[in-house]
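Structure record follows, encoded as structure tokens.
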Amino acid sequence: MNPKRIYKIASVLVKSQLRSGRSGSLGMRFFNKPRVILLIDAIVFAIAASSVYGILGLVGVMSKEMTSLLNTITLQALTSMPALIPPSIFIAAVLFELSVSSKFASSDVVNWLPVSQTDYVSASTLSVCYMYSFIVALGIGVTYPLAVRASLLPAWAVSATLSLVALFATGALVEIMRAALNRVTSAVYGKAGRSTVVIRVVVTVLVILAVELGFNPVILSSVVGTFSGVVSSAFLVPFFWSSIAVSYLVAGQPLLSAAFSALTVLFTLFVLFAAVRVRARYWSPLPVTIEVTESEYSPRAGFLQSLGLSAVEAAIIRKDLKGFTRRRELLPYIAIPVVFVALIVVQQFTIPGSNSGSGGATVYPFWLIGGIMTIIVATTSVGQEGKAILNIYAFPISPQVFLRAKLLVASLFGMVTILAMLVVSSVLVSASVTGFVASLLVSIAIVAECVFIGLGVATRFPDLQERPRPRFVQPGAMILAMLLGMLLALVTAFPLTLWPFMSSYLEGVGLSYGVAVGLGLAFGCVVCVIAYRWAKSGAAKLLNELIV
Amino acid sequence: MQGTQGVDESIALEVETVSKSFGTTHAVDGISLRLRKGEILGLLGPNGSGKSTAMKLILGVIKPDSGAIRVFGKNVAREAVETKQLVGYVPETAQLYEFLSGVEYLDFVADMYSMTSDVRKERITQFLNALEMVGHENQMISGYSQGMKQKIAITAALMHRPRLLILDEALNGLDPRSARIVKDLLRSLAKEGFSILFSTHVLEIAEAICDRVAIMYQGRILAEGTVPELRRQAGLPGSSLEEVFLKITGTSDLRDVVEELSK
């Protein structure tokens, strides 16, 4: 191991990650030195600590019960912190890793530079620690004033130190995950056929699902919460050793605390060692070649044209749909709705009483989730073309045809997502047929609104730059589109959502289920007409002149 | 050779005093060109001379600040979709949808030009065979080498039989056999009446396949004509096109540069 070299490589990797989603000289200058991250961490710590200190100051002198409650919360926070850091960071890291275009994911450079795999993996782990250190800074900042108030400063010191160790363990875990993704990708190398693509999608979605459920902080916090102060069978899980160490210290058993702290450090070293070995074994020096089919080329009219679409529209739609299943950076778009549905189902069966409510009220958040996903797909649909948008400019395509194709892709995605969520939620709350149909109609209106607004933004503010982490749309425009989409979805769904609560009063003034749906649909139609015109003029402007 | 609407059918491309600036940079500065039916016009110039911008202007993907461009009598700015139907374009760097396989991309392009099933199958198969892409056609483009991507881009530009071909450094990255096939194909297409605008850095290629040559430098066309005409213009009879090019662009005094580099 060469520490100087490791630091140098880590600096380059951090710069690459920080700059990959940014443009403009300000961002470049600001992130010129990765050491700036330590400054950011110090600021995060100071803000978090002073905010909590300020809140405690405002509360002033507490009653005995309140003090006891605060001590319990502090103890839980200190024991949970080192155990909850890995899952929080790991979830973020998985999504980050998957958002990296496979074009940029190969590790060519390290193959011809004189760098050992141990040095490279250690540097890569260090770069992950740099990137997510603000989470630790936030945690230890929040808990510091609490620990001072509860006279648990030694426990805070151990918890903070073990949180930093946990950060390194997570960095190494991310390396293992990278190797696993390489393994999945290379497993299909040399194999052919559509099943290869399907397997790749399914396995990737399953990896995301497993990570999101297995490392879900809500689920894990309930596990960790069961042994704050009392050591249970949690000692079987190495990620909980740090929490156990803090618990023993608070319980007045410093030797056991030291033993579990030492075990935590040993476990981290083991994970790092495993990461080096696994990465070395599943190194991916070149992008893999995937053969999508073995059959001979034979042109077909296809299903879409039988629905009345033109050959050009159908071709663009087919291309975009293939992109969803084949582009690594787009796979989260498929995975996220699946994860949401899974989380809802898991929550429904694990948290008692969460299936209360009926009709539109309970499915209301699913409209928002479906709407947000539709907005994301629609706003990124133009930027997904990347530099290959030159094709669209060079081919004899009118802006209207281009817009219609993009519109249909986003609508299809939105409808499938929202329908899946609606069906699951309706089953879970045993919704009536009338309630389901009413929700479905309102869902269609919400999807249409989100698609038109998203396309209006996509055509006006696309980001066609091909970076390691492509953005597809200018970030400010994306945020505005999401806020606007959510607001309009809320307004459209409002009468139907209100209905279950106020039906007994509203029936008296003539507001029936049908009227509630009608109001939502009428509002949706008005929004769609306005947003469609906006999107149409955006498409005409976009295709007027090449912007790459 | 007047067409039904008073259009001279023998003129494939007319560029009239076209200019285009990006900020303070004059990428194209008042150029005029004329390409006849069945002719190959070579556009030569050093890097950054404005060749690619000129080609994108002709294709209609960027708009001129001033001047007019007509393809077979159609105004490129006003009849963009109709003009593009007549044109095939190979960009400087192949910009393909890398998540599609080679044959899927070609099928996509065939849809864009409304090619019938029989014709597209025949042409795609012909090109894949000729350019030795058989066996790779079902692989994702992301796994292709630069040369293979270029072969797909060339096939995509040629397979719908465009009346005007715009080739921007089209032979870049091709292996010698494929480059020879493409060169011979271009000559054959020109004989059949197809018009070709061809940019290249490789002067031997220009000399071998172009009927006329235009030399571009700093956004302007400095000289235009057949190779013998250019030799006469440069006052270098019997010299190579390279010497003519260097003299016309004023970049012939290279001795000092070479000496500096070899120190």
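Only the coordinates and a few stated rules stand behind these numbers; no lab work does. These numbers come from a predicted model, not from an experiment. Neighbour counts run over all protein chains shown; Cβ positions are idealised from the backbone, glycine included.
Result for chain B in a Gaussian network model with C-alpha springs under 10 Å: among B:V103, B:V213, B:V134, the largest mean-square fluctuation is at B:V134. Average projection, convex hull of the Cα set of chain B: 16.6 square nanometres.
The long axis of helix B:117-130 is offset from the longest Cα principal axis of chain B by roughly 50 degrees. Annotation: for a label point projected 7 angstrom from Cα along Cα→Cβ of A:E294, residues of the range B:124-158 with backbone N closer than 17 Å are B:135-140. Scanning residues 5 or more positions from A:Q474 or on other chains, those with amide H under 5 Å from its amide H are A:D463, with H placed 1.01 Å from N in the peptide plane. Phi angles across the range A:451-466 convert, under the Karplus curve 6.51 cos²θ - 1.76 cosθ + 1.60 with θ = phi - 60°, into 3J(HN,Hα) values of 5, 5, 5, x, 6, x, 6, 4, 6, 8, 10, x, 10, 9, 5, 9 Hz, Gly and Pro given as x. Mean-square fluctuations from a GNM of chain B, with a 10 angstrom spring cutoff on Cα atoms, peak among B:A190, B:A27, B:A208 at B:A208. Charges were assigned to the Cβ only: +1 to each Lys and Arg, -1 to each Asp and Glu. The resulting dipole of the range B:38-95 about its Cα centre is roughly 120 debye. Along the range A:472-488 the Karplus relation, 6.51 cos²θ - 1.76 cosθ + 1.60 evaluated at θ = phi - 60°, assigns HN-Hα couplings of 6, 8, 5, x, x, 5, 4, 4, 4, 4, 5, 5, 5, x, 5, 4, 5 Hz to successive residues, with x for each Gly and Pro. Relative to the longest principal axis of the Cα atoms of chain B, helix B:102-112 runs at roughly 90 degrees. Taking amide H as placed 1.01 Å from N in the peptide plane, the amide H of B:Y89 sits under 5 Å from that of B:I166, each at least 5 places away or on another chain. A Gaussian network model of chain B, with springs between Cα atoms under 10 Å, assigns the largest mean-square fluctuation among B:S117, B:S49, B:S21 to B:S117.
Given R₀ = 51 Å, what would the calculated FRET efficiency be for B:E16 paired with A:L419, taking r from the Cβ atoms and rounding to 0.05? For B:E16 and A:L419, the calculated efficiency is 0.35.
Note on A:K322: aspartates and glutamates with a C-alpha under 19 Å away, same-chain residues under 8 apart excluded, are A:E291, A:E294, A:E296, A:E313, A:E385, A:E466, B:E98, B:E104, B:D107, B:D111, B:E137.
For the pair A:L69 and A:V338, the difference between a 0.36 nm per residue extended length and the Cα-Cα distance amounts to 93.0 nm.
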